[in-house]
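Q: Structure below; questions to follow.
The values are calculated or read from the model by the stated rules, or taken from the named source; none is laboratory data. Just so we're clear, the structure is a prediction, and the values are computed from it rather than from any experiment. Positions of Cβ are backbone-derived with ideal geometry, glycine not excepted, and every protein chain shown enters the neighbour counts.
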Amino acid sequence: MIAIGQLLDGSPPQAWALWALSNIPGFPPIIQSVHILGIAVVMGSIVMLDLRILGLAVPSQQIPEMARRVMPWLWCALASNLFSGSFFVFARPLRYFNNPIFGWKASFLLSAILVTVLIHWWSRQQDFVNANGVAALKVKATALLSLGLWIMVAMAGRWIAYVEYIYFPA
């Protein structure tokens, strides 16, 4: 990961991100707000669907219908977060790629996205809706894994900023 940070350091994307963050009035808090709102939409969407799969929320809502309604919001919010987060990563690539927590976040994020794609695909299958026995346990375990992974993504994202204080106290 450090090599990626070194590759991006001094690159045109870094220059562009630094220019935007430095020269567009109010841009840093705006782009951070967009990122935080995106996190809220991602978490709200996937947590609601996972809790429904686990039988802990909205029992009156059918799982395929809920997935059809929330998944577009989730994918749009993820795209928004990729865009908004890239400004900060490109602006200071060494800060992120030298930080072990950023690697954890990337790993959790990739895993969470893969599990979410699986849940999205399953929610379109008739067997998913009528799952019982071992199949139902597999589906519920996947929803529980999804919840855990998305929580770890959010926690790792918050820890990225604070790890510098632990490793490099003032």
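Q: Filter region 16-27 down to the residues that are farther than 14 Å from V89 by Cβ and not small (G, A, S) and list them by number.
A: Within region 16-27, W19, N23, I24, P25, F27 meet the criteria.
Q: Inside region 54-170, counting only helices (runs of 4 or more DSSP H) that do not spill past its ends, which hold 1 or more residues that are touching a residue at least 12 places away in the same chain (Cβ under 8 Å) and of a type in the set (G, A, S)?
A: Where helices (runs of 4 or more DSSP H) fall fully within region 54-170 and carry at least 1 residues being touching a residue at least 12 places away in the same chain (Cβ under 8 Å) and of a type in the set (G, A, S), they are 63-91, 100-123, 134-167.
Q: Of the conditions (1) of a type in the set (S, T, N, Q); (2) modelled with pLDDT under 90; (3) in contact with a helix residue (DSSP H, G or I) (Cβ under 7 Å, 6 or more places away or on another chain), S111 satisfies every one except a single condition; which number is it?
A: Exception for S111: condition (2).
Q: List every residue pair whose Cβ atoms sit under 8 Å apart, with the two residues 6 or more apart in sequence or on different chains, where the first one lies in region 24-42 and is in contact (Cβ under 8 Å) with a residue 60 or more places away in the chain and the second, anywhere, is of a type outside the set (A, V, I, L, M, F, W, C).
A: Once the first residue is in contact (Cβ under 8 Å) with a residue 60 or more places away in the chain and sits in region 24-42, its partners that are of a type outside the set (A, V, I, L, M, F, W, C) give I39/N81; I39/G157; V42/N81.
Q: Something else: Check off (1) surrounded by 13 or more Cβ atoms within 10 Å (Cβ to Cβ); (2) closer than 30 Å to Q125 by Cβ for P59 and give me the number that stays unchecked.
A: For P59, the failing item is (1).
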